[in-house]
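Student: Below you will find the structure I want to go over with you.
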Amino acid sequence: MIMNTSSKSLVATSKALLLLEDNTSFTTQFEIKFRTPILISKWHMELERKTQGPGEVITEYTKAIRKLIKYIDSGRNWTEEQKIHSFTKGLRTDLSYALWPLLVLKDNLTMDMAIELA
């Protein structure tokens, strides 16, 4: 069977509609297209390497960490411990040493609490 351009376009459109029927949410479609395994790996690497710069205020550092966590964990499956670790591991040494005893003493610590203490 030979298909012309309009037939190919119709087949592609039909396949796209079937995909939409299976994954109807816009978010799902967006993530399929723009949240690729390569990008997720890149964001993981950025998060692992992220440190608070000498002149970087805590709000700027926090914003960058939150953004990377959101990109990586779009399903919101990370534990608070994972988020806190990602936040605290890159803090400036002086801030990290001052913050550590406060974090240890807190029960049911959340990332928001750790940020507030910082």
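Student: Given a cut-off of 22 Å, name the pairs among K83/K106; K33/K89; K63/K89; K50/K70; K33/K70 whose C-alpha atoms lie farther apart than that in the structure shown.
Tutor: In this structure, K33/K89 lie more than 22 Å apart at Cα.
Student: With θ set to phi - 60°, apply the Karplus curve 6.51 cos²θ - 1.76 cosθ + 1.60 along the range 57-64 and write out the HN-Hα couplings as whole Hz, x wherever there is a Gly or Pro.
Tutor: Karplus-based 3J(HN,Hα) across the range 57-64 equals 6, 4, 5, 5, 4, 4, 4, 5 Hz.
Student: Once phi is turned into ³J(HN,Hα) by the Karplus curve 6.51 cos²θ - 1.76 cosθ + 1.60 with θ = phi - 60°, what whole-Hz value does each residue of the range 41-51 show in order, with x for glycine and proline?
Tutor: 4, 4, 5, 4, 5, 4, 5, 4, 8, 5, 10
Student: Then there's this: For the pair W100 and T28, what calculated FRET efficiency results from E = 1/(1 + (r/R0)^6), where r is the Cβ-Cβ distance and R0 = 35 Å, to the nearest 0.05?
Tutor: Result of the calculation: an efficiency of 0.30.
Student: Oh, and also: Largest first and in whole Å, give the semi-axes of the range 18-118's equivalent ellipsoid, each being the square root of 5 times a Cα gyration tensor eigenvalue.
Tutor: Listed largest to smallest, the semi-axes of the range 18-118 are 32, 16, 10 Å.
Throughout, read-outs are computed from the coordinates displayed, never taken from laboratory work. It should be emphasised that the depicted structure is a prediction, and the values quoted were computed from it without experimental measurement. In this analysis, Cβ positions are derived from the backbone assuming ideal geometry, glycine residues included, and neighbour counts consider all displayed protein chains.
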